[in-house]
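Inspection log for the structure reproduced underneath, given as structure tokens.
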Amino acid sequence: MTMTTVLHLSSSSGPGGAETVVASVATGLDASRYRSVVCLFHDGWLRDRCERLGLETHVIPMNGMLDVGWLRRFGRLLRDRGVGLIHAHEFGANTYGTLAGRFAGVPVVATVHGRSYYADCGRRRLAYRVVSHAAAMVAVSEDVKRFVTERTGVSAKRVRVVHNGIGPSRMVSTEARARVRADLGLGDGCRVVAVVGNLYGVKGHRYLLEAAPSILQACPSTVFLVAGGGEREAALREQARRLGIEARVRFLGFRDDVPALLAICDVFVLPSLSEGLSIAILEAMAAARPVVTTKVGGNPELVVDGETGLLVQGADARQLASAVIRILADPAEARRLGENGLSRVSNRFTIRAMVRQYEAIYEGALRSPALRGTSPGSAMPDRLAG
């Protein structure tokens, strides 16, 4: 059986859901058929994670909108590593990866992870229409597919959906749970509401803080754990101070012990204003935690309202508070929702299922002359390969 080298190209280095998927796919491919190499536009969390996983990882910085030097360096990498297929993630990697793939005669799979500003720019909408013809385009949810087709003019027939997947939740011992609670100053009677995600406006943390006073009125022992870092941290801290709840909110920064945080929480909340297909929700469900999240993006494709969690309107602190209070007030309902969520993830949203679908797409792309810019096996033109 022929071994194919797949180059995984990412515009972002995270930490985040798309970056987690890059690492999961790169390490999850059938090792008897595929060899993975990773290339990033930026240094950062994803490079560290890939290198820890034993993946050959390169960083080629991107300078400006049309960096011909990047194309030359990337072309050399394709040639030197004998790359047979490029799997690109996010807008920059999808467009540049497709361009380079066409010059090199290397087929491209382009994954779109979420709604983004590219739809608000005519030039970028045109770029994605070109990508949809020159690469095998994938969306991580049905919602993202609808967004891409409606906002950029890409034909729905040219976009497939592959839902993100995760591995089994890491077991957390009773001793480890007690240690984390002690480290965070959580007494035995504290109820824990956790949110995990980068502190960006689109993640909607402000609405959870707005909901917190009502939640505390109904359940005064509640503590809110906010794991993640980002540009909104100072503003969120100030909001908590202004609401008089700063003593009940723990801003934890980036954490590498998310399974332990999930293991001690009573409710997981993701109050996003936009989502592709949330890895954070999948991880919470895999930890058998009841989820409260918004009816946006791919969230309803993960959370079945009233069965695996509760869905609320985006930007609605009152609904958010009501849903969290409902779960905190009914431990039996919380267990039911959590157990159903675990079953749903285990049956439908695994790394294995995600990777097998991508492998099928790879096989189709490798057989398709239409996805090669030149004849199969041809080299990158000298003007780009250098």
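Since every read-out is calculated from the coordinates, none of them should be taken as a lab result. This is a predicted model, so every value here is computed, not measured. When we count neighbours, we look across all protein chains shown, and the Cβ atoms used for this are built from the backbone with ideal geometry, even at glycine.
Details
- To the nearest ten degrees, helix 17-28 and the longest principal axis of the Cα atoms of the chain are 60 degrees apart.
- Going by neighbour counts of Cβ atoms within 10 Å, the residues 116, 32, 278 line up, fewest first, as 32, 116, 278.
- Summing Cβ point charges (Lys, Arg +1; Asp, Glu -1) relative to the Cα centre of the chain gives a dipole of roughly 920 debye.
- Relative to the current alpha-carbon distance between residue 246 and residue 33, full extension at 0.36 nm per residue lengthens the span by 71.4 nm.
- Residue-normalised convex hull volume from the C-alpha trace of region 181-237: 80 Å³ per residue.
- With eigenvalues of the C-alpha gyration tensor scaled by 5 and rooted, the chain, Å: 40, 20, 19
- Equivalent ellipsoid semi-axes, region 249-356, via Cα gyration tensor eigenvalues times 5, rooted, Å: 20, 16, 16
- The residues neighbouring residue 232, those whose beta-carbon lies less than 13 Å from its own, together hold a net charge of 0 under the Lys/Arg +1, Asp/Glu -1 convention.
- Around the Cα centre of region 101-250, unit charges on the Cβ atoms of Lys, Arg, Asp and Glu (plus for the first two, minus for the last two) sum to a dipole of about 620 debye.
- Relative exposure of 87, 163, judged by other C-beta atoms within 10 Å (fewest first): 163, 87
- Full extension of the chain segment joining residue 177 with residue 158 gains 2.2 nm, where the gain is 0.36 nm per residue of separation less the Cα-Cα distance.
- Converting phi to 3J(HN,Hα) with the Karplus coefficients 6.51, -1.76 and 1.60 and the offset θ = phi - 60°, region 253-270 yields x, 5, 10, 9, 10, 4, x, 5, 5, 5, 5, 9, 8, 8, 9, 9, 10, 9 Hz in sequence order, with x at every glycine or proline.
- Helix 174-183 vs. the chain, principal-axis angle (Cα, 0 to 90°, nearest 10): 80 degrees
- Once the C-beta distance of residue 235 and residue 65 is scaled by a Förster radius of 30 Å, the resulting FRET efficiency is 0.50 to the nearest 0.05.
- Estimated translational D of region 126-262 in µm²/s (Stokes, Kirkwood radius over Cα pairs; 10 °C; 1.306 mPa s): 88 µm²/s
- Kirkwood-type hydrodynamic radius, region 174-348: 15.8 Å, calculated from all non-identical alpha-carbon pairs.
- Within straight-line cross-link reach of residue 295, lysines at Cα separation under 22 Å, skipping those fewer than 8 residues along the same chain: 145, 203
- Amide H partners (placed H, <5 Å) of residue 310, local residues excluded: 291, 292, 293
- Rounded to the nearest 5, the antiparallel percentage of DSSP beta bridges internal to region 174-348 is 5%.
- Which of 71, 282, 126 has the fewest Cβ neighbours within 10 Å, and the rest in rising order: 126, 71, 282
- Signed unit charges on C-beta, dipole axis of the chain, positive-most listed residue 362, 132, 260: 132
- Charged neighbours of residue 370, selected by a Cβ distance under 13 Å, balance to +4 (K, R count +1; D, E count -1).
- Each residue of region 346-353 is assigned a 3J(HN,Hα), and the resulting list reads 4, 8, 10, 10, 9, 4, 4, 5 Hz, derived from the Karplus form 6.51 cos²θ - 1.76 cosθ + 1.60 (θ = phi - 60°), x at Gly and Pro.
- Amide H contacts under 5 Å for residue 167, placed H, 5+ residues apart: 351
- Dipole check for region 174-348: with +1 at the C-beta of Lys and Arg, -1 at the C-beta of Asp and Glu, and the Cα centre as origin, the magnitude is about 240 Debye.
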